[in-house]
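A quick write-up on the structure given underneath.
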Amino acid sequence: MLPMRVRNVVNLLNIFTERSAENFIDVGKHFPACYTTGSTCSELPIKRKKSERKPLVTSVNDLKREARLRRKERLKVQEVILQPPKNGLLVKGLVPVARQVYSARAKLHVCVSRVVKNIAIYTCSLCGEVHVGHPPHRIRTCNVAGSPTNKEHKWEKGGIGHVLPVVESFHLYDRIGRAVSHNERLEVDRIPALLELCVQAGVDIPEYPTRRRACPIYSLAGRVIDFERRFPKEDSPGKDINTYGFWDKKRNLNNDDKFMDLHSDDIQAISVQGMEEWEKMRSGASKLMEKYAVQTCGYCSEMQVGPKGHRVRNCQAFKHQMRDGQHAWQEATVDDLIPPVYVWHVRDGQRGELLVNGLKRYYGMLPAVVELFAQAGAYVGDHYAGVMREDVAVPDLDEEKLVV
């Protein structure tokens, strides 16, 4: 049995908690936009600092373990059977996927070029941030050298290159051959990395010839044995190259435009088709990268499609002097191959309204291509729901102080 004074204190505490709960329920009735229930929001993507390295796909301990196993295998004088594509042959099951990615890339560029004529694209001339739609936002996120003290952006007109940035890679005639050296940097062609991945996976492009092996290579005590190099077949890499390749390429682009002739004036149909091609391209590229190795620099945007990175000393990122300009190669991801330029998401009810800095924590973000097609009327998939923040109610500036 508790003393009288202690029981009185307990009763007062119970009454206080009940009244507090009732007041909280009343506030929820009068201000339903102050909070959300069952939110699926996730952290918004943030810009990586120049001194930070990209996160590793495979942990350091796993990389060390794999290196120790390879070192032990080299000591054994025995043949190691390699599987495609490590033995130089194609993965036959991924050849249709490569062709699908190649076709989706061409159609996506056509769709973006059509939609850009109706929806404005802005880019900051100082930091390079992109905004889709008019008017551009007033969120103060310009934090680079030379930016104003209030961190406001200096907007100018943008184009397709800001929505779909092109990441280039050296084109390799022999994927299993040696890496491109520093002295060969001006002699080897550079093409889009996604296009190079499709070529290595089985897409034949006359302008970019590549070696298709009929006999696999073998690994013996850590050394690669290539019988085709010892007993070469008739291999003339320039026999299929057309000297009028530029005009053929223009003719192919005109053929790619034909699939949109039926909906040339329907921007919503074009955006829906473009959204489908975007998803096909990214999903197909991720399947190809599971088998075909792609390397990226841990500090800059340099890419190299192939089992190893090149030896060109052109890295100007963090502490490049300590590496003598060499790139810090690591395994690449789909976002490195197809960079999703994240922009602030403008909702359907806010079209034409200005996004202000005081309410930026309520706004969501989307890749620039997805945001472009979304403003044109395409449906956005559920896997973007976490960063879109459509379930978060955006208050007015005078109501923002009431938000708990």
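Computed FRET efficiency, Cβ-Cβ of CYS215 and TYR173, R0 22 Å: what is it to the nearest 0.05?
On the way: r = 17 Å, r/R0 = 0.78.
The calculated FRET efficiency here is 0.80.
Would you kindly state how much longer the chain becomes between LYS154 and GLU353 on full extension, computed as 0.36 nm times their sequence separation minus their alpha carbon distance, in nm to one decimal? Don't skip to the end; give the middle numbers.
Details: separation 199, 0.36 × 199 = 71.64 nm, distance 1.85 nm.
Gain on extension, LYS154 to GLU353, equals 69.8 nm.
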Review point. What does the charge count near GLU400 come to, summing +1 for each Lys or Arg and -1 for each Asp or Glu among other residues with Cβ under 13 Å from its Cβ?
Key: 0
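Rounded to the nearest 20 debye, what is the charge dipole size of the range 311-389 about its Cα centre when +1 sits on each Lys and Arg Cβ and -1 on each Asp and Glu Cβ?
So the magnitude is around 340 debye.
So which of LYS117/LYS280; LYS54/LYS308; LYS157/LYS308; LYS54/LYS107 end up more than 27 Å apart by C-alpha? Walk me through the intermediate numbers first.
Details: LYS117/LYS280 24 Å; LYS54/LYS308 18 Å; LYS157/LYS308 38 Å; LYS54/LYS107 31 Å.
Listed pairs above 27 Å: LYS157/LYS308; LYS54/LYS107.
Using only the Cα atoms, what convex hull volume per residue in Å³ does the range 314-366 have? Numbers along the way, then the final one.
Details: hull volume 8.5 nm³, N = 53.
Value for the range 314-366: 161 Å³ per residue.
Taking a probe of 1.4 Å, how large is the accessible area per residue of the range 52-171, in Å²?
Numbers: 7260 Å² over 120 residues.
For the range 52-171, the per-residue accessible area is 60 Å².
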Point to revise | Calculated from backbone phi, Karplus (6.51, -1.76, 1.60) coupling profile of the range 112-122 in Hz, x at Gly/Pro | key: 5, 5, 6, 6, 4, 5, 10, 10, 6, 10, 10
Revision key, fill the gap. Within the range 347-404, DSSP-loop trypsin sites (Lys or Arg not before Pro) with at most 11 other C-beta atoms within 10 Å are ARG351
Review point. Carbon-plus-sulfur fraction of the accessible area of the range 108-212, 1.4 Å probe, in percent?
Key: 48 percent
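The values are calculated or read from the model by the stated rules, or taken from the named source; none is laboratory data. Bear in mind that the values here come from a model prediction, so they are computed numbers and not experimental data. Heads up, the Cβs are rebuilt from the backbone with ideal geometry, glycines too, and the neighbour counts pull from every protein chain shown. The area values use the complete protein model at the heavy-atom level, side chains included, leaving out ligands, DNA and RNA. Shrake-Rupley method; radii C 1.70, N 1.55, O 1.52, S 1.80 Å.
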